[in-house]
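Student: Before anything else, here's the structure in question.
No value in this document is a laboratory result; all are computed from the given coordinates. Not measured: the values here are computed from a predicted model. Cβ: placed from backbone, ideal geometry, glycine included. Neighbour counts: every protein chain shown.
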Amino acid sequence: MADKYMDLDTLRFILYEVLEGDKLNKYERYADYDRTSLDILIDAVKAFADQELYPYFKEMDEKPAYYQDGQVFIHPQMEKVLKKAAELGLIGPGFEYELGGMQLPVLYNYALVHILDSANNHSTGYAGLTTGAANLIRAFGSEELKAQYIPKMIAGEWGGTMALTEPQAGSSLSDIVSEAVPIDDGSYAISGQKIFISGGDHQFCENFVHLTLARIQGAPAGTKGISLFVVPKKRITTEGTLEDNDVVTAADFPKMGQKGYCTTHLVYGENGNCRGWLVGEANRGLKYMFQMMNEARISVGCAATSMATAAYYASLQYAKERPQGRKINKKGVKDVSEEQVLIIEHPDVRRMLLLQKSIVEGALALILHASRLDDLHAVEEGTASEEAHLLLELLTPIVKSYPAEMGKVSIDNGLQILGGYGFTTDFILQQYYRDIRITSIYEGTTGIQSLDLLGRKIPMENGRAMQLLAKEVMETIGLAHESGLTQEASQLQERMGEVQLVTGHLLKYAEEGDFDHYLADATIYFEFFSTFVIAWQWLKMAVVAQQAIERNAMTYSKEFYEGKVMTMRFYFQYELPKMTAAGETLKSPNSLTVEDFSVDHL
Ligand SMILES: Cc1cc2nc3c(=O)[nH]c(=O)nc-3n(C[C@H](O)[C@H](O)[C@H](O)COP(=O)(O)OP(=O)(O)OC[C@H]3O[C@@H](n4cnc5c(N)ncnc54)[C@H](O)[C@@H]3O)c2cc1C
C-alpha cells in the first residue's frame, strides 16, 4: 500500500481557490459553513479514512462479500465504518437540520466522498446509496414514509438501495416487468426480481429499504407506466415492530473488482406476501428515480476519479523509489559504471505520471464544479438557478463517464510504471485496475451516457445549455489571456470552434430525421466533447495557479502551483490534439455501423 492515497492540498486548492466554495455561506441554507468549519470537517473525515478505511482496502478485496444460507456477509470492518459514518453525519449530510442532516453543500459532500473513495472504494457505496434512497423519500414520499424510514436510514441502522435492473431490463428500463397490484390498505403487492442490486443485503443493517421500480397492473407500456415504491426487506407492523416482507436475497454476484461492495439478486413476493408503498404519483417513477440516478452518476464519477487518484499516488511513489536503467550521456552511450537512475528520470515515465495527474485532477475539478452547480440550483432563484441546472444536466454524462473511461487509462498507465510488479498481487495497482472497471458500466454504460449527451442534452432547449457552456468557457479564455496563458487560451478557443462545427454537422442528421446516423458515433462524440471540457477545467485551474504565482499569494509551495500550470500545458499538448482525430471520424460521411453494416461482416 502506498503512503498517500489523495492530496488534501489539491482538494482545498480546487474548493477554495478555483471554486471559492467557502463563499457558499452567503446563502442562508449554508450559512454555518465558513472555511474553519469546513476545514475541521475535512480533517475529521481524512482521519476517519486514514484509520478505518484505507488499512482495510486490500483486505476487502482478498476477503470479499459472500452469500451463505440466504444471507450476504460483508467484511467485519464495515460494522464500525457504518456506525462511524452515521456519527460523522455522512449519511444524508445534505438533509435539512430538522431531518437530522447537516445541510452540507453538495460541493463539500463530494469533497468528503472523494477522500473516502480514494481511501477505500469498496466501503463508500453503502452509505452513498442509503443517502440516495432516503433522499428520494425526502423529495417525493409522503410525510408518513419520511417519518417511518428516513431517521433509521441516516442513523445507519437501515440500508437503502436503488432497485431498477432486471434480467431483461438493464440499459432499457422501459422493459421492466416487476409488478405492483393495489390492495385495500393502500399498499401494493409486489412481485418480480431485481438483479445486480448494490448494497442489497448484509449482516450489519437490521433492515433494507429498496427504492424499487415496478409497473402497476394495467399501467401503460414503456417508461410512462413505471412507478416507484418503497419496498422494505422487513415491513413495519401497526404496532411498530418489524416483520418479514417476502423479499428474498437469492444470491450475491461474485465480481472481478469492488469485491467488498456486495451486489445482490433480490426476489420479491415469491410467497405472495411482499408489500410496497407508492412514492409520489403513479407512473412517474422513472422521473423520480432520475433524481437518484443523477446523484449516483456524480457519485460514480467521483468514485472513478478517486480510485485513479489513489493509483496515481501509488505509481508516483514507486517511480520515485525504483532504480532502473541509465541516462544516455552526451556521447550517446549509457555508462554502466554509473549508478542506475530512478525511473522517474525517464521521460516516458514522466509522461505517464503527467497523464495520470492531468486525468485525475481534471476529473476532480469537473466533479466539484458540477457539485457547485447543484448547490447553485438549490440556493439561487429564477434564471440563475435554472441556468445552473441546465449546465449541470449537460455536464452530468461527462462527470460520470470521463472519470470512468479515462480513469481506466490512467490506472493502466500507473500499472505500467510498476513494470512486472504491477501485474503481481503484491502491489496494489492491479486492484485499482479491476475496481475501476465497473464504473463505465453501472449507472448507465458509457454508450448510454453518450446517447444522453448527444441525443438529449446537446439539443435540450434549442442548445441553450451549450450556449451557457460556451459563455463560461469564453470567460475562462478571457482570464487566461489576462494571465499570460495566451497560447492555451487561443488553443481552447479554436477547439471551441471545432465543437460548434462538429455538433452542427451532426445536428443536420437529426434535423433530417436520420437519427441512426446522428447517434451512431455518440460515444466518439462523448470522447471529443469531454476532452474539450476537461481542457477548460485545466485552463481554469492554471489561471488561478498562475495568478497566485504572479501575485506571490500562494497558500502552498511554489512548485505546487507550477505543477498545476505544467499539467495544464501537458494536457493541452498531449490530450487536446486527440479532438482532431475524433472530429475527423465524426465528420465522416461514411456509415460503417449503420447502412453499410451486416451481421455477416463479423
Ligand atoms: C457491480 C454492479 C452493481 C450494480 N448496481 C446496481 C444497482 O445498485 N441497482 C441497479 O438497479 N442496477 C445495478 N447494476 C446494473 C447496471 O446498472 C447494469 O448492468 C447496466 O445499466 C447495464 O445493463 P446490462 O448489464 O443489462 O447491459 P445491457 O443493457 O445488456 O448492455 C450491454 C451492452 O449493450 C450496449 N447497449 C445497450 N443498449 C444500447 C442502446 N440502446 N444503444 C447503444 N448501446 C446499447 C451497452 O452500452 C452495453 O455495452 C449493477 C451492475 C453491476 C455489474
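Student: Please give the Cα centre distance for the range 453-503 versus the range 1-35, rounded to the nearest Å.
Tutor: Measuring centre to centre over Cα atoms gives 26 Å.
Student: Between the alpha-carbon centers of the range 168-234 and the range 407-424, tell me the distance in whole angstrom.
Tutor: A separation of 40 Å, based on Cα centres.
Student: What is the spin-label model distance, in nm, from Leu342 to Tyr66 if the labels are put 7 Å beyond Cα along the C-beta direction?
Tutor: Each label point is offset 7 Å from its Cα along the Cβ direction, giving 4.1 nm.
Student: Let me ask another. About its Cα centre, what dipole magnitude does the chain give when the only charges are +1 on Lys and Arg Cβ and -1 on Asp and Glu Cβ, stated in debye to the nearest 20?
Tutor: Rounded to the nearest 20 debye, it is 1260 debye.
Student: What are the ³J(HN,Hα) values, in whole Hz, obtained from phi via the Karplus relation 6.51 cos²θ - 1.76 cosθ + 1.60 with θ = phi - 60°, for each residue of the range 564-572 in sequence order, with x given for Gly and Pro?
Tutor: So the J values, rounded to whole Hz, are 5, 5, 4, 5, 4, 4, 4, 4, 5.
Student: How high is the FRET efficiency between Asp596 and Asn462 when r is their beta carbon distance and R₀ equals 25 Å, given to the nearest 0.05?
Tutor: In this case the efficiency is close to 0.20.
Student: So for the pair Asp426, Gln217, with labels modelled 7 Å out along Cα→Cβ, what separation do we get in nm?
Tutor: About 6.4 nm separates the two model spin labels.
Student: May I pose another question? Where does the chain land at 222 nm, in deg cm²/dmol rounded to the nearest 500, when only DSSP H runs of n ≥ 4 count, each adding -39500 (n - 2.57), divided by all residues?
Tutor: For the chain, the value works out to -17000 deg cm²/dmol.
Student: Checking the table Lys327/Lys578; Lys23/Lys146; Lys83/Lys146; Lys63/Lys234 against a 24 Å threshold on Cα-Cα, which pairs fail?
Tutor: Lys327/Lys578; Lys23/Lys146; Lys63/Lys234
Student: Tell me which residues come under 5 Å, amide H to amide H, from Gly160 once H is placed; ignore anything under 5 positions away on its chain.
Tutor: Counting only residues 5 or more places away or on other chains, the set is Thr130, Val209.
Student: Select from His517, Leu492, Gly455 the residue farthest towards the positive end of the dipole of the range 445-596; place +1 on Cβ of Lys and Arg, -1 on Cβ of Asp and Glu, and compute about the Cα centre.
Tutor: So the residue furthest toward the plus end is Leu492.
Student: Related question: Rounded to whole Å and ordered largest first, report the semi-axes of the equivalent ellipsoid of the range 445-596 derived from its Cα gyration tensor (root of 5λ).
Tutor: Rounded to whole Å, the semi-axes are 34, 15, 13.
Student: Using 0.36 nm times the number of residues separating Ala250 and Glu206, minus their current alpha carbon distance, what extension gain do you get?
Tutor: The span from Ala250 to Glu206 would gain 14.0 nm if fully extended.
Student: Helix 486-511 versus the longest principal axis of the chain: what is the Cα-based angle in degrees, 0 to 90, to the nearest 10?
Tutor: Orientation of helix 486-511: about 40 degrees from the principal axis.
Student: What ranking of Cys262, Cys302, Cys205 emerges when the number of other C-beta atoms within 10 Å of each C-beta is taken as an exposure proxy, fewest first?
Tutor: Final ranking by Cβ density, sparse to dense: Cys205, Cys262, Cys302.
Student: Among rounded, prolate and oblate, which fits the range 194-276 when a ≥ b ≥ c are the square roots of the eigenvalues of its C-alpha gyration tensor, a/c under 1.5 means rounded, and a/b larger than b/c means prolate?
Tutor: Here the range 194-276 falls in the oblate category.
Student: Using 15 Å as the cut-off for backbone N distance, which residues of the range 399-439 belong to the label zone defined by a point 7 Å from the Cα of Met1 along Cα→Cβ?
Tutor: Only 426-429, 431-432 pass the distance filter.
Student: Which of Thr567, Thr309, Thr10, Thr237 comes first, and how do the rest follow, when ranked by fewest Cβ neighbours within 10 Å?
Tutor: By the 10 Å Cβ count, ascending: Thr237, Thr10, Thr567, Thr309.
Student: How far is helix 578-587 tilted off the main Cα axis of the chain, in degrees rounded to 10, range 0 to 90?
Tutor: Value to nearest ten degrees: 60.
Student: Between His505 and Thr445, what FRET efficiency follows from the Cβ-Cβ distance if R0 is 30 Å, with the result rounded to 0.05?
Tutor: 0.75
Student: In addition: Want the number for Val177 to Leu99: 0.36 nm per residue separation, take away the alpha-carbon distance, what's left?
Tutor: Extra length from Val177 to Leu99 when fully extended: 24.7 nm.
Student: Once amide H atoms are built 1.01 Å from N in the peptide plane, which residues 5 or more positions from Thr165, or in another chain, come under 5 Å H to H?
Tutor: Under 5 Å from the amide H of Thr165 lie the amide H atoms of Ile195, each far enough along the sequence or on another chain.
Student: Still on this structure, please answer the following. By count of other Cβ within 10 Å, fewest leading, how are Trp538, Trp277 ordered?
Tutor: Lowest count first: Trp277, Trp538.
Student: How tilted is helix 77-87 with respect to the longest principal axis of the chain? Cα atoms for both, answer in degrees (0 to 90, nearest 10).
Tutor: Approximately 90 degrees, to the nearest ten.
Student: Follow-up. Which one, Leu390, Leu418, Leu364, is farthest towards the positive end of the dipole of the range 355-475 when Lys and Arg carry +1 and Asp and Glu -1 on their Cβ?
Tutor: Leu418
Student: Right, next: Going by Cα centres, the range 41-70 and the range 512-585 are how many Å apart?
Tutor: Using only Cα atoms, the two centres lie 33 Å from each other.
Student: Step through the residues of the range 379-389 one at a time and calculate ³J(HN,Hα) from phi using the Karplus curve (6.51 cos²θ - 1.76 cosθ + 1.60, θ = phi - 60°), rounding each to whole Hz and writing x for Gly and Pro.
Tutor: 9, 7, 10, x, 4, 4, 5, 5, 5, 4, 5
Student: Given labels modelled 7 Å from the Cα in the Cβ direction, how far is it in nm from Asp514 to Phe290?
Tutor: 2.9 nm
Student: If all Cα-Cα distances of the chain are sorted into 10 Å bins from 0 onward, what percent lands in each bin, rounded to whole numbers?
Tutor: Reading the bins upward from 0: 3, 16, 26, 26, 18, 8, 2, 0, 0, 0.
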